[in-house]
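Below you'll find the structure, written out as structure tokens, and then a few comments.
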Amino acid sequence: MNSSNRIIVNTGILYGQLLIQLVLGLITTRFVLKALGEVDYGIYMLVAGIVTMLSVVNSSMINTSMRYIAYCLGQGDIGVVKKMFNTTLYIHIIVGVFVILLMEIGGWIMFEYVLNIPADKIFEAKIVYQFMVITTFISIISVPYDAVMNAHEHILILSIIDILGFILNLLLAIYLLYADKFLLIQYGFCMFLIQVLLRFVKQQISKKKYEECRLDFKKEIDRTLIKEILTFTGWNLFGMIAALFVGQLRGIFLNFFFGVKLNAAEGLGKQVNAAINKLSTGITKAITPQLNKSEGAGNREYVLKITNTGIKYTTLMFALVAIPFILECRYFLSLWLGEVPIYTVIFCQIILLQQLVDKFTWQIGNAIRAVGIIRNYQLAEGCLFLLGIPIGWSVLYISGKPISIFIVELIIFFLVSGIRIFYGKKIVGLDISIFIKSTICPILFPMLLAFALAYIVHLLPIEDVARVFAVFSVFVGVFSLLFYCWGMSKEEKFFLRNMIVNCVLRK
């Protein structure tokens, strides 16, 4: 199967997975919120936010491992891939121990001096945190196995395992509806067991399926690679820490000023964003291994081509659902949750808008990482994100309005987009004028026009269900039509027509 067809097949698999996960995830969240209640759910999301913030090292290592293993596969030398796998696994074990120490120290500081949690819930929150710490360690040492599976682009296997996880989460949520004691601890413990099971399954499959996953630390570790990998990880980590701290410290700041109820609202906003964002991350997951392999094979022209194409279609897929959802956010949240926590609607809307801005340049960052020259880029982007922390605190302190910190983050996302475009030109060879003309404008103008028409429909005094249906129909129909006319290249239109014809003929 050639590269283009593989991307299409894997994207289709990921969207099938997404549909199942989206339905299961929405049902699960409603059941969990109903079972735990607003306070316990807010505490869980707050503690999970701390773990996410302190385990950012794991995320950086995932990106690094995937980049280097896919890059080596692109070179076509299995011996090099074996050395890369064993070297990255060795590094992950060491990093895992370091992260546990960091999380224990950071967690103690947070619980003792920062977090605003009801006194009768402190013990339960600490227990849940420990489950999350152990889960994080297991995740870290399992990363190289996931990286190999992703690099080989065996997306179907990963999708089946991930769907299994969502089914188990739903069963857990149903169980919580009938449990009566220590619900927060039970939820944390069962989530820990589910993650351990999924990691074990992925690891065993990788060991049996891929030759490079056979351990041999004595012969296969390349110590000259350790410095290179750690340097790349360090700069990638700096950028990720900066971006993550802005988002996670937002939750802590809201907790400090307003209490745990706003953490529930923010947590729901992040879950909505995560669910809708999966509409576009499917394309990103399918494209990223090809980026790294193509750069490893020295094919920079193809790297630029799929970067621009990836931006267009990830933005398209996200916007098709996110913008109508922003317009009808209150209706959908009421339908989903029943009783909507205060500020949830506006938090969801702004978080989705931030994500939409990010989509226009996100793939450029992946292209820069594929090339591997990331120091100056990550330094510039990271410093810009970090600037949002004192500004966010200040606007909350001065204004006393929760929404103010979200506005600050939105402005930062616009500035970060400019940073990515600048370094995309400098490092990858991105032509800015062509990028704006062939990538940004063909998606932005149809989107704005479709939004204007959908907003007019949103204002009409008609019954809720009919209005929501009309808003989605108008936006999706107008946006899709205008994108086909202005946003798709001749090659893309030809491919789409052939795909439709083939589907019709098969029937």
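Values quoted throughout were computed directly from the atomic coordinates according to the rules given, and no laboratory measurement underlies them. This is a predicted model, so every value here is computed, not measured. As a convention, Cβ positions derive from the backbone with ideal geometry for all residues, glycine included, and neighbour counts pool all protein chains shown.
Couple of notes before you dig in:
- Percentage of interatomic Cα-Cα distances in the chain larger than 35 Å: 34
- Only the Cβ atoms of Lys and Arg (+1) and of Asp and Glu (-1) were treated as charged; on that basis the dipole of region 268-409 about its Cα centre amounts to roughly 320 debye.
- Sorting the segments 393-400, 228-235 by their mean number of nearby beta carbons within 10 angstrom, highest to lowest, gives 228-235, 393-400.
- With a threshold of 27 Å on the Cα-Cα distance, the over-threshold entries among Lys82/Lys202; Lys227/Lys426; Lys261/Lys359; Lys82/Lys270; Lys83/Lys305 are Lys261/Lys359; Lys82/Lys270; Lys83/Lys305.
- When peptides 458-465, 121-128, 206-213 are sorted by average Cβ neighbour count within 10 Å, with the highest value leading, the order is 121-128, 206-213, 458-465.
- Cα gyration tensor shape for region 51-202, rounded if a/c is under 1.5, else prolate or oblate: oblate
- Relative contact order (%) - criterion: Cα under 8 Å, at least six apart; region: region 23-154: 42
- Percent RCO, i.e. relative contact order, over the chain, from Cα pairs under 8 Å lying at least 6 residues apart: 20
- In the distance distribution for region 246-378, Cα-Cα pairs more than 26 Å apart total 37 percent.
- The charge dipole of region 432-507, taken about its Cα centre with unit charges on the Cβ of Lys, Arg, Asp and Glu (plus for the first two, minus for the last two), comes to roughly 380 debye.
- Size of charge dipole - the chain - debye, nearest 20, with Cβ of Lys, Arg +1 and Asp, Glu -1, no other charges: 1180
- Value at 222 nm in deg cm²/dmol, rounded to 500, when DSSP H runs of n ≥ 4 in the chain each add -39,500 (n - 2.57): -29500 deg cm²/dmol
- Cα-based shape type of region 344-462, given that a ≥ b ≥ c are square roots of the gyration tensor eigenvalues and the cut on a/c is 1.5: oblate
- Whether region 432-507 is rounded, prolate or oblate, judged on the alpha carbon gyration tensor where a/c under 1.5 counts as rounded: oblate
- Selected from Leu262, Gly298, Leu316, residue furthest toward positive end of dipole (region 228-373; charges at beta carbon): Gly298
- The listed peptides 340-350, 194-204, ordered by packing as a protection proxy, come out as 340-350, 194-204 (highest mean of other Cβ atoms within 10 Å first).
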